[in-house]
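Just below is one structure, and these are the notes that go with it.
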Amino acid sequence: MKIVIASDSYKGSNTSLKVADLIEEGARKVFGSAEYVKIPIADGGEGTVEALVSGLGGSITDVMVQDPIGRSVKAFYGVIDGKVVMEMAAASGLPLLAENEKDPRKTSTYGTGEVLKAALEAGYTDITIGIGGSATNDGGAGLAQALGYRLLDGSGAELPPGGAALANIAKVDDSNATSLLKGAAIHVACDVDNPLLGAQGASAVYGPQKGADPTAVSELDSALARFADVVENWKGRPMREIPGTGAAGGLGFGLTAFCDAIIKSGIDTILDLTEFEEKIDGADLVITGEGKIDGQSIRGKVPVGVAARAKPAGLPVLAIVGDIGTGASAVYEYGIDSIMSTVDRAMPLEEAIARSRECLVNAAERACRMIRIGMKVAGARYDGTT
């Protein structure tokens, strides 16, 4: 019997690989001699680089860059088999700011551009960027400036950092942009499909969590619209409606425009990097999971992404999750066969986090005991040792 475990991390408690270790521990109490294959999984947000480098074998390169408000911060990128994987959250993420520092009118993706430039200058040409967890709403303008693009106002002056300044853009000058982009393939791992502008765009949907009040949201959306007008005119094609261009405060748009990047589902990008189809060959069961599964999980989250790859191989998929939220049954239409919660009784969140490892092991054991019952009911041969 071969069991593949490919779960997202449980934010605030366990990494992707730790979740897999704990699920294996519980499953072995039932299927002790089974073969277990553990695959590091993330969706492109914070923790993606760590999950992939530790799970696939690679190295981390540190880079000193600017944080979202211009302070020096140590960011990083990972190298796996000659390919780079980086996460914008390391340089431009919301956790880098105190509550009173959050202001997407002023925060910049410049540091993310510095990390990308460092990887290019080190000679890497295949680069994947996860763009979850941003503190910014500048459409990738800061990233473009770090790569040598000049974003000019009507008087020819360089725009200052931040999303609000984009209202004054008049011209893109690419004469000093790094030539290293021409030989590079930039892939964007994105777990949302929002366009750049409007009610479902970067400012309206994600601005509030970054510190934008309703007035600031309107100001930022208008500024991004001006930015899109100028950039699309310079580029010679529309891009603002491409799914994912509104991710990370419009960084998806900036990477598309200034780096000719291709936006893909975050989970699909990670599954490609981990060679998921090859690893599930010959498997009997796939176990996935995340901290909370609900009706929104069908929009690019890890369990549904894993199930979509497992189903063509005819594999049953079990999701072990910290919490089952409203609308979770929707995932049954997307390839997940059953859900098991780690919570074994009513408890506050703090206790659930504190007991997360114990609960994961127990949930995996419970789930596998049910699977064993199913094998017996179906008349499957089972000698108690597999």
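The values are calculated or read from the model by the stated rules, or taken from the named source; none is laboratory data. Predicted model only: the values in this text are computed from it and were never measured. Virtual Cβ from ideal backbone geometry, glycine too; neighbours counted across all protein chains shown.
Tally the residues that are part of a helix (DSSP H, G or I) and either closer than 20 Å to Asp191 by Cβ or in contact (Cβ under 8 Å) with a residue 12 or more places away in the chain (or both), restricting the search to the stretch 312-328. So that I can check it myself, show each step before the final result.
Keep residues of the stretch 312-328 that are part of a helix (DSSP H, G or I), which gives 312-313, 328.
This time we only want the ones that are either closer than 20 Å to Asp191 by Cβ or in contact (Cβ under 8 Å) with a residue 12 or more places away in the chain (or both), so: 313, 328.
Residues flagged as part of a helix (DSSP H, G or I) and either closer than 20 Å to Asp191 by Cβ or in contact (Cβ under 8 Å) with a residue 12 or more places away in the chain (or both) within the stretch 312-328 amount to 2.
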So which residues in the stretch 317-338 are modelled with pLDDT under 95, buried (at least 24 other Cβ atoms within 10 Å of the Cβ) and of a type outside the set (Val, Ile, Thr)? Gly322
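Considering the stretch 192-226 alone, what residues qualify as being of a type in the set (Ser, Thr, Tyr), closer than 20 Å to Ser92 by Cβ and at pLDDT 95 or above?
Of everything in the stretch 192-226, just one residue is of a type in the set (Ser, Thr, Tyr), closer than 20 Å to Ser92 by Cβ and at pLDDT 95 or above, namely Ser203.
Every residue, every condition in (1) within 24 Å of Leu97 (Cα to Cα); (2) out of contact with any helix residue (DSSP H, G or I) (no Cβ under 6 Å at 6 or more places or on another chain); (3) outside the structural domain of Gly123 (by TED's automatic domain parsing), yes or no:
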residue	(1), (2), (3)
Ile186	no, no, no
Ser203	yes, no, no
Tyr206	yes, yes, no
Leu220	yes, no, no
Pro243	no, yes, no
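So, restricting to helices (runs of 4 or more DSSP H) that lie completely within the stretch 175-261, which ones have at least 2 residues that are buried (at least 22 other Cβ atoms within 10 Å of the Cβ), of a type in the set (A, V, I, L, M) and in contact (Cβ under 8 Å) with a residue 12 or more places away in the chain? Reasoning before the result, please.
Numbers: elements: 202-206, 214-235, 247-259.
It comes to 214-235, 247-259.
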Leading residue by the ranking (surrounded by the fewest Cβ atoms within 10 Å (Cβ to Cβ)) among those in the stretch 24-52 that are over 21 Å from Glu277 (Cβ atoms) and among the β-branched types (Val, Ile, Thr): Val30
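Would you say Thr61 is surrounded by 18 or more Cβ atoms within 10 Å (Cβ to Cβ), within 22 Å of Gly132 (Cβ to Cβ) and in contact with a strand residue (DSSP E or B) (Cβ under 7 Å, 6 or more places away or on another chain)? Working first, answer last.
Working: surrounded by 18 or more Cβ atoms within 10 Å (Cβ to Cβ): no; within 22 Å of Gly132 (Cβ to Cβ): yes; in contact with a strand residue (DSSP E or B) (Cβ under 7 Å, 6 or more places away or on another chain): yes.
Judged against the criteria, Thr61 is not a match.
So that you can scan it fast, the table gives a plain yes or no per residue for (1) more than 30 Å from Gly57 (Cβ to Cβ); (2) in a helix (DSSP H, G or I); (3) of a type in the set (Val, Ile, Thr); (4) not assigned by TED's automatic domain parsing to the domain that holds Gly82:
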{"position": "Glu278", "(1), (2), (3), (4)": "no, yes, no, yes"}
{"position": "Pro303", "(1), (2), (3), (4)": "no, yes, no, yes"}
{"position": "Val306", "(1), (2), (3), (4)": "no, yes, yes, yes"}
{"position": "Ala310", "(1), (2), (3), (4)": "no, yes, no, yes"}
{"position": "Ile339", "(1), (2), (3), (4)": "yes, no, yes, yes"}
Does Asp229 qualify as being over 18 Å from Ile23 (Cβ atoms), modelled with pLDDT under 95 and not assigned by TED's automatic domain parsing to the domain that holds Glu24? no
Taking the residues in the stretch 120-135 that are modelled with pLDDT of 95 or more and of a type in the set (A, V, I, L, M) as candidates, determine which candidate is surrounded by the most Cβ atoms within 10 Å (Cβ to Cβ). Ile129
Being surrounded by fewer than 22 Cβ atoms within 10 Å (Cβ to Cβ) and in a loop (DSSP other than H, G, I, E, B) is the requirement here; does Lys171 meet it? no
Could you list, in sequence order, the residues of the stretch 181-237 that are over 27 Å from Ile270 (Cβ atoms) and of a type in the set (Phe, Trp, Tyr)? Phe227, Trp234
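Okay, residues lined up against (1) under 30 Å from Asn362 (Cβ atoms); (2) under 20 Å from the mean Cα position of the chain (by Cα):
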{"residue": "Ser33", "(1), (2)": "yes, no"}
{"residue": "Glu46", "(1), (2)": "yes, yes"}
{"residue": "Val53", "(1), (2)": "yes, yes"}
{"residue": "Ile60", "(1), (2)": "no, yes"}
{"residue": "Met64", "(1), (2)": "no, no"}
{"residue": "Lys83", "(1), (2)": "no, yes"}
{"residue": "Leu97", "(1), (2)": "no, yes"}
{"residue": "Arg105", "(1), (2)": "no, no"}
{"residue": "Tyr110", "(1), (2)": "no, yes"}
